[in-house]
Structure formats: C-alpha cells, structure tokens
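Q: For reference, the structure I am asking about is given below.
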Amino acid sequence: MKISGVKLKELRIKFKMTQGDIAKYLGVSEVAFARYDQGKCNPSIANFIKLAELLKTSVQYLVIGTDTEKEYDLGNVTPFSERVKALRKERHLTQKQVAAELDIRETAYQTYEYGTHEPKLEKLIKLADLFHVTLDELLGRNET
C-alpha cells in the first residue's frame with residue numbers, strides 16, 4: 001500500500017505549493033517527493049508527520065482518505081519506537097504476539113521498538129488496527 005497521491009496532490013494544490021516547495025521542507029529531492037505525490041512510494045514516519053502538519057491534515061487522511069478531525073501539536077510528538085512499545089504494553093501483549101499479528105518475526109518487530117527500523121505502511125495500518133488507534137496516534141502525534 002502506498003500513500004494516497006491523489007489526496008497529497010489535492011492538498012498541495014489547495015495550499016498553492018509546488019513539489020519543490022514541499023521537497024525542500026521535507027529535506028528530500030524533488031524526484032523523491034514526486035514519487036510520494038504520484039503515490040509510488042511512501043515517506044519516512046518523520047516525513048509523514050511533517051507532511052500532515054504542513055498540509056494541516058492528519059496522516060490518516062493522507063493514507064486512507066478519512067480525517068480524524070483532531071488537532072495535533074508538531075512540537076509534541078512521541079518517537080514511534082516509544083509509542084509502539086507503550087501501546088503494546090497498554091494492551092498487555094508480548095512482542096511475540098504483536099509479531100504474530102503482523103506476520104513477521106519477533107526480531108523484526110523488536111527493531112521497531114528499538115528504533116532501528118520503521119515498518120512499511122501496510123504494517124503501520126495493521127498496528128493501528130491491532131491497537132485500535134489512528135495512524136496519527138500510532139505515529140506519536142499528540143493532540144493540542
């Protein structure tokens with residue numbers, strides 16, 4: 001699954017921004033951003049959050065097309081590794097149980113909690129569903 005290039009492009013046009021403007025803001029090349037804009041690849045977790053903030057929307061909207069109608073504070077973002085670990089513990093799940101739900105090895109899941117790797121978008125969506133949170137909440141965006 002890829003970011004909704006349609007939603008991203010609509011918002012970029014609404015705010016009268018070029019691909020170059022947003023690429024510069026994210027610190028990526030224009031070619032890399034063009035691939036996001038076309039829905040061909042996904043940004044990092046940090047850049048998902050920056051995009052949502054810049055375009056005054058939610059990550060949920062950028063990916064799925066439904067908005068959470070919550071306001072988030074960019075200066076108040078919990079690192080993904082900390083957030084996913086806290087959510088797992090709140091639900092009294094083991095790393096092994098979460099890994100099984102994601103259909104990955106336990107050691108692969110552990111890299112998410114250690115902050116050494118980020119999951120692909122399809123795994124992020126599965127994690128959000130498993131923990132019953134929005135993508136924004138999963139990615140550590142805290143409400144204002």
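Q: Output the residues belonging to the range 61-103 that are closer than 30 Å to VAL6 by Cα and of a type in the set (A, V, I, L, M).
A: Those that are closer than 30 Å to VAL6 by Cα and of a type in the set (A, V, I, L, M): LEU62, VAL63, ILE64, LEU74, VAL77, VAL84, LEU102.
Q: Kindly provide the set of residues from the range 97-136 that are free of Cβ contacts under 8 Å to residues at least 12 places away in the same chain and open to solvent by 40 Å² or more (accessible area, probe 1.4 Å), ordered by number. Full working, then the answer.
A: As a first pass, look at the range 97-136 and keep what is free of Cβ contacts under 8 Å to residues at least 12 places away in the same chain: 97, 99-100, 103, 105-108, 111, 116-117, 128-129, 132.
The answer is GLN97, ALA100, ASP103, ARG105, GLU106, THR107, THR116, HIS117, ASP129, HIS132.
Q: Of the conditions (1) under 21 Å from THR78 (Cβ atoms); (2) surrounded by fewer than 20 Cβ atoms within 10 Å (Cβ to Cβ); (3) touching a residue at least 24 places away in the same chain (Cβ under 8 Å); (4) of a type in the set (A, V, I, L, M), LEU62 fails just one. Which one is it?
A: Of the numbered conditions (1) under 21 Å from THR78 (Cβ atoms); (2) surrounded by fewer than 20 Cβ atoms within 10 Å (Cβ to Cβ); (3) touching a residue at least 24 places away in the same chain (Cβ under 8 Å); (4) of a type in the set (A, V, I, L, M), the odd one out for LEU62 is (2).
To keep it simple, each residue is scored yes or no on (1) closer than 20 Å to SER44 by Cα; (2) assigned to a helix (DSSP H, G or I).
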{"position": "SER81", "(1), (2)": "yes, yes"}
{"position": "VAL84", "(1), (2)": "yes, yes"}
{"position": "LYS89", "(1), (2)": "no, yes"}
{"position": "VAL98", "(1), (2)": "no, yes"}
{"position": "THR107", "(1), (2)": "no, yes"}
{"position": "GLU113", "(1), (2)": "yes, yes"}
{"position": "THR116", "(1), (2)": "yes, no"}
{"position": "ILE125", "(1), (2)": "yes, yes"}
{"position": "ALA128", "(1), (2)": "yes, yes"}
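The values are calculated or read from the model by the stated rules, or taken from the named source; none is laboratory data. The structure displayed is predicted, hence computed values, not measured ones. Counting neighbours? That spans all protein chains shown, and the Cβs are built from the backbone with ideal geometry, glycine included. These accessible areas exclude ligands, DNA and RNA; they are computed on the full protein's heavy atoms, side chains included. Shrake-Rupley method; radii C 1.70, N 1.55, O 1.52, S 1.80 Å.
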